[in-house]
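See below for the structure under consideration.
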Amino acid sequence: MGPRALAQVLRHVNFPADPEKLLIGLDKADDAAVYSLTDELALIQTLDFFTPVVDDPYLFGQIAAANALSDVYAMGGKPILAMNIVGFPSCLETEVLSQILQGGADKVKEAGASLCGGHTVVDEEPKYGLSVTGTVAPADLLSNSGIKADDLIILTKPLGTGVMITALKAGFAKSDQSNPAVKSMLTLNNIALEYFAEYQINACTDVTGFGLIGHLLEMSENSSLEIEIDAPEIPIFEGVRDFAETGLLPAGAYKNQENYQEFVVEEGKRDQTLYDLMYDPQTSGGLLISVAAEDAAELLIDLYAADIEAAVIAKAKKGEKGIKIKWN
């Protein structure tokens, strides 16, 4: 279900909320909810789970956990506590479930958080993820709003995990850490946050199921600015272009395009494959960091030094809300 269809459903539901304590809720489709505990401390709450994206159950557990933990990092926070969310078929060996849970547990440990149980149901296919609690000082809180005109937007991971997952399932690519997309999905988004205090970071989100265009559009609408994408600067994983050109685009990419293309204008000759990849739904994708233009180069240098494959891929401009893609 797309965000606009979901918004129609949610419109008919009355959600209780403390207007003084709930700093971020449902209103702007942020990555997580944020609740104020004191003037110096706020609680971040999120959850995510999905079906296997790789064959190895241990790697699947790690990827699902990294994906869920990413929402806390996108808010500028630190994960402190997680609980498992599991659907598992009765026909599979319990050793498979043990490996999934161990993968998740090891990734939570890497994040410096605690894992304390969860909930399991019998399901037709495996599903795994986490409910994650994090903390953040309200002064350090980030959201997908707050972009300033002339901000530059940095993407911290290449695009193409949706296409690569389709290729993995079809047996056309290796489903291990030798695959750069698999390695990326296993990688936490925590390192970039170590540099945020040094620069003027105005907004942040992560790229997940709605693809690059969908998440940039949320940032645009919530900040009332046009976002201009510099298409040639967008990094993509090795091999992804070839897979996309042979038709291995996931269904979610077509759905995202259907939902968002009316809000996109283009300048120059379109690269159709790259255009399609901008709608590709990402799993454990990178952060989109909106940073003051004067700080972008120094932040990029820090990210490169930390082995983060980051790139400036867009600029915020005064104008009508929406996305402009510049092809040359």
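Laid out as a table, the results:
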| quantity | calculated |
| --- | --- |
| Net dipole in debye of the stretch 171-292 [+1 Lys, Arg Cβ; -1 Asp, Glu Cβ; about Cα centre; nearest 20] | 420 |
| Per-residue HN-Hα couplings for the stretch 84-91 [Karplus 6.51, -1.76, 1.60; θ = phi - 60°; Hz; x = Gly/Pro] | 6, 10, 9, x, 8, x, 6, 7 |
| Full-stretch length increase - Glu233, Ala170 - with 0.36 nm per residue and alpha-carbon distance subtracted | 19.8 nm |
| For Gly319, residues with placed amide H under 5 Å, excluding near neighbours | Glu226 |
| For Thr283, Thr246, Thr273, order by how many other beta-carbon atoms lie within 10 Å, fewest first | Thr246, Thr273, Thr283 |
| Segment Ala105-Gln45, length gained on full extension (0.36 nm per residue, minus Cα span) | 19.8 nm |
| Length released on extending from Val9 to Asn328, taking residue separation times 0.36 nm less the Cα-Cα span | 110.9 nm |
| Phi-based couplings in Hz for the stretch 100-115 (Karplus 6.51, -1.76, 1.60; Gly and Pro marked x) | 4, 5, 5, x, x, 4, 5, 6, 4, 4, 4, 6, x, 10, 9, 10 |
| Cα-based equivalent ellipsoid of the stretch 88-233: semi-axis lengths in Å, sorted from largest, via gyration tensor | 32, 21, 15 |
| Share antiparallel - DSSP beta bridges, the stretch 1-121, percent rounded to 5 | 50 |
| Bridge type composition, the chain - antiparallel percent by DSSP, nearest 5 | 70 |
| Rounded to whole Hz, the Karplus (6.51, -1.76, 1.60) HN-Hα couplings of the stretch 260-276, x for glycine and proline | 10, 5, 5, 9, 10, 10, 10, 9, x, 7, 5, 8, 4, 5, 5, 4, 4 |
| Proximal charge balance of Ala292 [Cβ under 14 Å; K/R count +1, D/E count -1] | -4 |
| The stretch 15-140: mean projected area of Cα convex hull, nm² | 8.3 |
| Whole-number percent relative contact order across the chain, with pairs defined as alpha carbons under 8 Å at least 6 apart | 23 |
| With at most 10 neighbouring Cβ atoms within 10 Å, loop trypsin sites (Lys or Arg not before Pro) (DSSP) excluded, longest segment of the chain | 12-268 |
| Cα-based convex hull, the stretch 272-328, per residue volume (Å³, whole number) | 132 |
| Likely footprinting exposure, Ile153, Ile301, Ile191, Ile85, fewest C-beta neighbours within 10 Å first | Ile301, Ile191, Ile85, Ile153 |
| Per-residue Cβ neighbour rank within 10 angstrom, fewest leading, His119, His215 | His119, His215 |
| Pairs beyond 30 Å (Cα-Cα), from Lys157/Lys318; Lys174/Lys255; Lys169/Lys321; Lys183/Lys315; Lys78/Lys169 | Lys169/Lys321; Lys78/Lys169 |
| Gyration tensor (Cα) of the chain, equivalent ellipsoid semi-axes in angstrom | 28, 25, 19 |
| Relative contact order (percent, whole number), the stretch 179-328, Cα cutoff 8 Å, 6+ residue spacing | 48 |
| Alpha-carbon spread of the stretch 152-326, three principal axes, descending order, Å | 44, 37, 24 |
| For the chain, calculated [θ]222 nm from helices alone, where every DSSP H run of n ≥ 4 adds -39500 (n - 2.57) | -9500 deg cm²/dmol |
| Relative contact order of the stretch 1-120, pairs being alpha-carbon contacts under 8 Å that are 6 or more residues apart, as % | 22 |
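We did not get these values from a lab; they are worked out from the coordinates using the rules stated. In this text the structure is predicted, and so the values were computed from the model without any measurement. All Cβ positions, even for glycine, are placed from backbone atoms using ideal geometry, and neighbour counts span all protein chains on display.
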